[in-house]
Amino acid sequence: ALLIAMFVSSIPAKLILPMLPSLGTSFGVGPAQLGLLVGIYPLMSMIASPLWGRMSDRFGRKPILLATLIGGAFAFLCFALSTSWIGLFAGRALQGLAGTPRGIGFAVASDLSDQEDRAAQIGYVTGAMAVAFTIGPLIGGLFMGEDPDSWLGQLRSVLGLPGGGFNHVLPSLLGVVLNLLGAVAVVFGLSETRKPDGKEDSQAADQAHDNAPRFAAAILKLGVILAIAFFLLSGFIQGSLQFSFALWADLSFGWTAQLIAYSGTAIGIGFALGSAVVLKPLLKRVGQEKTVLTGTLIDVTGLAWFLAFQDNPLIALGGLLIAALGNSLWATTILGLISKQISPKDQGLALGVANGAALLGRVVGPAFAGYLAANVAPNAPFAVILFCVALAILRGVTLVWKR
């Protein structure tokens, strides 16, 4: 039930990517407005994630998880019914603000596991999200319409959908249905994992109004701050990577927007394979600290592959898949290390802050990559990404050394 909830709530992040050119044409807006439409989702998610996480610490995971799923369904409905760019922007902002349960999902995974197994359980959550990041563009591309003579148009015809003509309503209504199905799965399939009991929780409830000391007690520890900083770095890398590839493929090879959107699924596949398939056996074999270091080394190997085969975008894309796999290993394990250092009563807050930091990286990364690509060179952002991964390698070395 948790994985279903994480899956459906993560679909909006990438759903609109194939629709962007057609949204611009249909609503008469340019690249700047479309960039705002993309960026407002992670920005609002960054703001909301710690708040939802803190509420889940106080009121329980299940009711707050349900609230975000129902809020996500409402946001999708607003997006579907929008007839102007302002309406689309408001609906997209609501998707980020109301439908952001990922920090809660991390907290539930933490509640359900012991310290040694925590990173692997969180890995399943990030794997479900990565699958959604992979499928989201496919859903958007399939249901939005466009050319009736294309293979998408023919498939739509087989499914009984209109064969052509842009339509943002159908993908959005599907998002409504998926969020409501996720809510049903949580109602019937997920038991509450955070039940306030005992003197400690009673005192926490009495002091809940004093948020600054609570935040300081949960977050302001050197190990936690470092872990959150590197989770932010992970978000920066992930956000920059796909956007940088899109710019590079467009500026250097003239790839169409739809082809770029679908090719981006390779990054999602790599992240899903790493967090849901590779992570758990690797943790059991080498432990958390060495998993961080191993992941960073795989990450830099994938980037080196990409740089070595830049003349062939399809082969280079394989390097980005490897880099995403490595990124999932070290980023998810660092999230598990955060959880180990936090009191059980503050898991939602701390993991919500960590998720917000990663989302901040996803906001800043594409903007910085776009500036470099436009003003330096199309492949310049990859040098910055390579430097960021080098910092992560250094962190992995220090963790193993301290061990």
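Structure notes:
- Scanning the stretch 351-372 for residues that are open to solvent by less than 10 Å² (accessible area, probe 1.4 Å) and under 22 Å from L307 (Cβ atoms) yields G361, G365, A369.
- Among residues of the stretch 267-298 being within 13 Å of S328 (Cβ to Cβ) and among the small types (G, A, S), the one that is modelled with the lowest pLDDT is G268.
- Unmet criterion (only one of (1) closer than 30 Å to R118 by Cβ; (2) over 18 Å from the mean Cα position of the chain (by Cα)) for A324: (2)
- Matching option when the condition is under 30 Å from A107 (Cβ atoms), in contact with a Ser or Thr (Cβ under 8 Å, 6 or more places away or on another chain) and either modelled with pLDDT of 90 or more or assigned to a helix (DSSP H, G or I) (or both), among V364, V353: V353
- Scanning the stretch 271-321 for residues that are more than 26 Å from N355 (Cβ to Cβ), of a type in the set (V, I, T) and within 23 Å of the chain's Cα centre (by Cα) gives a single hit, T301.
- Looking only at residues of the stretch 5-64 that are polar (S, T, N, Q) and closer than 26 Å to T265 by Cα, we find that the one that is most open to solvent (accessible area, probe 1.4 Å) is T25.
To keep it simple, each residue is scored yes or no on (1) touching a His at 6+ places or on another chain (Cβ under 9 Å); (2) among the polar types (S, T, N, Q); (3) at pLDDT 80 or above.
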| residue | (1), (2), (3) |
| --- | --- |
| L3 | no, no, yes |
| M6 | no, no, yes |
| M19 | yes, no, no |
| Y41 | no, no, yes |
| W52 | no, no, yes |
| S56 | no, yes, yes |
| L66 | no, no, yes |
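- Filter pass, L349 being within 30 Å of F59 (Cβ to Cβ) and under 22 Å from the mean Cα position of the chain (by Cα): yes
- Screening the candidates I334, I322 for the property of being among the aliphatic types (A, V, I, L, M), at pLDDT 90 or above and either over 17 Å from G268 (Cβ atoms) or surrounded by fewer than 24 Cβ atoms within 10 Å (Cβ to Cβ) (or both) yields one hit, I322.
- Filter pass, L180 being open to solvent by 60 Å² or more (accessible area, probe 1.4 Å) and at pLDDT 80 or above: yes
- Matching residues in the stretch 88-125 - criterion: being open to solvent by 10 Å² or more (accessible area, probe 1.4 Å) and hydroxyl-bearing (S, T, Y): S113, Y124
- Residue check for L399: in contact (Cβ under 8 Å) with a residue 12 or more places away in the chain, open to solvent by 50 Å² or more (accessible area, probe 1.4 Å) and at negative phi: no
- Flag: L307 matches the condition of being over 18 Å from R118 (Cβ atoms), touching a residue at least 40 places away in the same chain (Cβ under 8 Å) and open to solvent by 40 Å² or more (accessible area, probe 1.4 Å).
- Note on the stretch 373-383: residues that are in a helix (DSSP H, G or I) and open to solvent by less than 40 Å² (accessible area, probe 1.4 Å) amount to 4.
- The condition (being of a type outside the set (A, V, I, L, M) and modelled with pLDDT of 90 or more) is satisfied by just one residue among G164, G198, G189: G189.
- Matching residues, the stretch 310-319, being open to solvent by 10 Å² or more (accessible area, probe 1.4 Å) and either touching a helix residue (DSSP H, G or I) at 6+ places or on another chain (Cβ under 9 Å) or touching a residue at least 60 places away in the same chain (Cβ under 8 Å) (or both): Q310, P313, L314, I315, L317, G318
The values are calculated or read from the model by the stated rules, or taken from the named source; none is laboratory data. Keep in mind that this is a model prediction, so the values were computed, not measured. Positions of Cβ are backbone-derived with ideal geometry, glycine not excepted, and every protein chain shown enters the neighbour counts. Ligands, DNA and RNA are stripped out before the accessible areas are found, and what is left, the full protein with its side chains, is counted by its heavy atoms. Shrake-Rupley method; radii C 1.70, N 1.55, O 1.52, S 1.80 Å.
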